[in-house]
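Here is the structure we will look at, set down as structure tokens.
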Amino acid sequence: MDEITLLAQAIPDEPPPSAETVARARARLATRHGAARRARPRWGWGWTAGAALATTAVVTAVVMAVSNLTVVTGPASPPSPPPAFEEPPRAYKGLNLLAATAGPRSATKARLRFRPTSENVKLVIFCQEPGSIFFTHEGTSSAAGTCGPDGGLSMLADKAYEPGWLGRDHEVTVWVFPPDAPVVRGRGACPSKDACEGKHELSGPKAADRLAAELGERPGAWSAAAYDRD
């Protein structure tokens with residue numbers, strides 16, 4: 001039986017050896033055949049036994065060579081980018097990232113520092129829990145809204161159209177609360193004290209801090225980012 005056939009039977013699940021490996025095996029086999037012809041006895045079975053032994057040795061050598069081959073794999077896939085509520089994307093609706101901050105838990109706050117470059121600046125809050133409530137504040141201005149994994153816009157950035165808002169550094173404080181936080185949503189939602197008893201109106205940073213202290217840290221990562229033109 002040809003040594004290549006023996007090799008295929010020995011390692012049926014492996015790819016065939018290279019042409020170079022086969023050539024070297026055949027050369028060793030031919031050398032051993034020559035030695036066997038010179039030293040074989042008169043009985044006919046002597047050469048057959050020697051050839052079989054030589055073939056077995058060649059097949060064993062080839063199998064060992066194939067088994068020692070290093071498997072080469074393709075290039076590793078690039079790691080997936082983290083979700084936006086952990087790390088904001090580098091671009092948002094045609095605008096580039098200016099600055100970012102993040103919170104690993106809900107009912108917490110963080111400060112976002114940036115300098116806008118145009119009136120198109122956007123403040124985006126990305127939240128792990130859809131329907132989370134955010135509150136942004138700077139100076140005498142504040143804005144609230146809801147956010148999710150795709151982000152929510154803070155209307156505080158609309159002040160970029162007012163004189164004096166551009167061309168300087170800003171530090172906006174951002175609070176994020178869970179979707180079921182006891183928050184009064186919208187102006188005029190509480191016509192009387194009894195109508196919204198037990199709920200908080202996010203009227204300023206002190207009110208936001210009181211709500212955060214009442215709730216304690218909750219599950220729900222979030223991030224806030226400022227985007228603008230180059």
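Values for this structure:
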read-out: Enumerated strands (runs of 3 or more DSSP E) restricted to the stretch 96-138, each holding at least 1 residues that are among the aromatic types (Phe, Trp, Tyr) and out of contact with any Leu (no Cβ under 8 Å at 6 or more places or on another chain); value: 122-127, 132-138
read-out: Odd one out for Ala76 among (1) more than 30 Å from the chain's Cα centre (by Cα); (2) not assigned by TED's automatic domain parsing to the domain that holds Ala181; value: (1)
read-out: Residue match in the stretch 153-166 (condition: modelled with pLDDT under 90 and either assigned to a loop (DSSP other than H, G, I, E, B) or among the polar types (S, T, N, Q) (or both)); value: no
read-out: Flag if Gly167 is in the same structural domain as Glu217 (by TED's automatic domain parsing), closer than 16 Å to Asp209 by Cα and exposed (fewer than 12 other Cβ atoms within 10 Å of the Cβ); value: no
read-out: Output for the stretch 141-162, where each listed residue is within 12 Å of Asn120 (Cα to Cα) and touching a helix residue (DSSP H, G or I) at 6+ places or on another chain (Cβ under 6 Å); value: none
read-out: Selection from the stretch 218-230 of residues that are over 23 Å from Glu138 (Cα atoms) and modelled with pLDDT of 90 or more; value: Arg218, Pro219, Gly220
read-out: Subset of the stretch 183-203 (residues that are assigned to a loop (DSSP other than H, G, I, E, B) and either crowded, with 17+ Cβ neighbours inside 10 Å or at pLDDT 95 or above (or both)); value: Leu202
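The values are calculated or read from the model by the stated rules, or taken from the named source; none is laboratory data. Source: prediction; values computed, not measured. So basically every Cβ, Gly included, is an ideal-geometry build from the backbone, and we count neighbours across all protein chains shown.
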